[in-house]
Amino acid sequence: MGRIWVMYKKELKIYFDSPIAYIFIIVFLGVTSWLFFRTFFLIKVSSMRSFFMLIPWMCLFFIPAISMRLWAEERKTGSSELLLSLPFQEWQVVLGKYFAALTVYVLTILLTTPLAIVVGALGEPDWGVIVGSYLGSLFLGAAILAIGTFISTLTTNQIIAFIIGVLVVAALTVVGQPLFTLFLQGPLAVLTPYADWLGLANHFTSISRGVLDSRDFVYYLLMTALPLYLTVKSVQASKV
Amino acid sequence: MIEVENLTKRFGATVAVDNVTFTVKPGEVVGFLGPNGAGKTTTMRVITGLIYPQAGTARVNGHDIWNDPVGVKRSLGYLPESTPLYEEMGVVDFLRFTAEARSIPKKDARARVDEMIETCALQEMAFKDISELSRGYRQRVGLAQALIHDPPALILDEPTSGLDPTQILEIRKLVRRLGQHKAILFSTHILDEAQKTCDRILIINDGRLVGEGNPQELAAMAKGSSLYRVEFRGETQQLLSGLPGHVTVAAQQELPDGWLALDLSSTEPDDRSEELFDAVVAAGGKLRRLARKEATLEEVFLHLTKGGEA
């Protein structure tokens, strides 16, 4: 744990010493708040539903922007040479970096809580749903971030890491959307439940309802652990 | 102590390092010399545990790269080629991170960082970001991170490239000082530097070790390349026909004052000056210069790395 902590502190310092973290937080909060309040005062319903419906799509674009630099930049500048010459195990470096990026995301999500306070002040929202949705946002973000981290090890170009990250996460999101599963007709219809299960946002929707089903958490843990495992393997593969 | 045993590393079809074996003992600075692309960096990266070889192994202080890569990394300070650093970090922050990463206890870490800043003369730059530093200072930060845990072995990949002469001298002095107790492997493609800094030189070419020894021993390896300069006046034809069999004329030049300058090359490695003197006397001529040119390290190097065509 101590080793991960050393790596985590360094990585977090880089996020906050450079403008990346601030830009990310400000833009994320700005865009979500704008999209939320644009309709909030028109609909006049004291609920954050429209806000949380945005989250999977916001994460789709924003999280690969946090994860893209994690490994691509190290490879590009060559600092990975230095990093990997330090007495760390690969998984310690991978987790340290991942948790630092996760911290940036969690902080951003926590900074959206004033929205909940506004909604609470103006009406009587269902707090169970709001708490559930926040929980779902964390799990969803953790999984997308792990996928983005893995993709960042595959290239030395941050922009490519970002674009591929968005594409992969988009594919995993769209595959579970009704608009896609509707096309699974005839013999393909057997795939529908799998597509439903695979869809990144579906489990988020179900957690957001306030129904805490262990299957949804297992899904997100799997979608986080697997890419992180692949990240470790990918970092090790560079040594062959 | 750095031990490399039968190391072979291929990248696809290219053999980067081919069955290389050598040892660097504590208190020894070993120069790793070779043209660009000879396999110096690859060998160093294998020892550091950054890449795995196809065959053979390397050990640092008894830790094997296969069984105990973290042990290897603990006993090693590494300065990568071109010194990649974290641009966004401040010098002190970066050194604190490496101190922590090297498991230096918190109570000692601050003193250790201060000591490194002093050793590497970084006082004026301590609170700047690494991105603001010049090449020379970056190199010093790189050295500071390699030395912070006082490792028994050091691997420095072209530590002087891109530095000005004063900085090069400083780095060499530091390497010599550190080399009194540590095992240091130091790569360079500058011969003069290897000659001045190292106790022993390894010459690598196309992935193979082609020469090993101290600078004098290496010079002795350049067999057949002893050269003589003779300045002579008299019957040229008579002299040329009277030369001993192992000597051939490399160049012949009429000097403005009427003397004849001859560059002779001999296949005999040891000094045969007196035979040439006798040949001149036998030709009835006069001699005003007879000099034997020792093979320099440069000639040895060219000889070893280009198969003698130089």
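Key figures
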read-out	value
Wholly enclosed helices (runs of 4 or more DSSP H) of region A:1-95 bearing at least 2 residues at the interface with chain B (Cβ under 10 Å from one of its Cβ atoms)	A:2-17, A:69-77, A:79-84
Pick from region B:164-178, criterion of a type in the set (Val, Ile, Thr) and surrounded by 13 or more Cβ atoms within 10 Å (Cβ to Cβ), ranking: nearest to B:Asp199 (Cα to Cα)	B:Val175
Residue tally, condition closer than 12 Å to A:Phe24 by Cα, in contact with a Leu (Cβ under 7 Å, 6 or more places away or on another chain) and not hydrophobic (A, V, I, L, M, F, W, C), over region A:56-102	1
Flag for A:Phe183 being touching a residue at least 24 places away in the same chain (Cβ under 8 Å) and either in a loop (DSSP other than H, G, I, E, B) or farther than 30 Å from A:Ser85 by Cα (or both)	no
Residue satisfying condition, being within 15 Å of the chain's Cα centre (by Cα) and not acidic (Asp, Glu), within set A:Thr77, A:Thr103, A:Thr112	A:Thr103
Options A:Ser133, A:Ser137, A:Ser152: the member that is farther than 21 Å from A:Ser67 by Cβ and under 15 Å from the mean Cα position of the chain (by Cα)	A:Ser133
Selection within region B:117-156 - assigned to a strand (DSSP E or B) and not aliphatic (A, V, I, L, M)	B:Asp129
B:Asp263 being in contact with a Lys or Arg (Cβ under 9 Å, 6 or more places away or on another chain) and either at pLDDT 80 or above or closer than 29 Å to B:Pro35 by Cβ (or both)	yes
Options A:Ile117, A:Ile151: the member that is crowded, with 17+ Cβ neighbours inside 10 Å and either assigned to a helix (DSSP H, G or I) or β-branched (Val, Ile, Thr) (or both)	A:Ile151
Of all residues making up region B:73-115, the number that are in a helix (DSSP H, G or I), more than 7 Å from chain A (Cβ to nearest Cβ) and either of a type in the set (A, V, I, L, M) or touching a Gly at 6+ places or on another chain (Cβ under 6 Å) (or both)	7
Residue within region B:201-217 that is at pLDDT below 85, among the hydrophobic types (A, V, I, L, M, F, W, C) and in contact with a Gly (Cβ under 8 Å, 6 or more places away or on another chain) present	no
Residues located in region B:128-158, provided they are farther than 30 Å from B:Glu3 by Cβ and in contact with a strand residue (DSSP E or B) (Cβ under 6 Å, 6 or more places away or on another chain)	B:Asp129
Top-ranked residue in region B:24-72 [being charged (D, E, K, R) and without any contact (Cβ under 8 Å) to a residue 24 or more places away in the chain; ranked as farthest from the other protein chains (Cβ to nearest Cβ)]	B:Asp64
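The values are calculated or read from the model by the stated rules, or taken from the named source; none is laboratory data. Everything quoted here is computed from the prediction, not taken from an experiment. Positions of Cβ are generated from backbone atoms using ideal geometry, with glycine treated the same way; all protein chains shown enter the neighbour counts.
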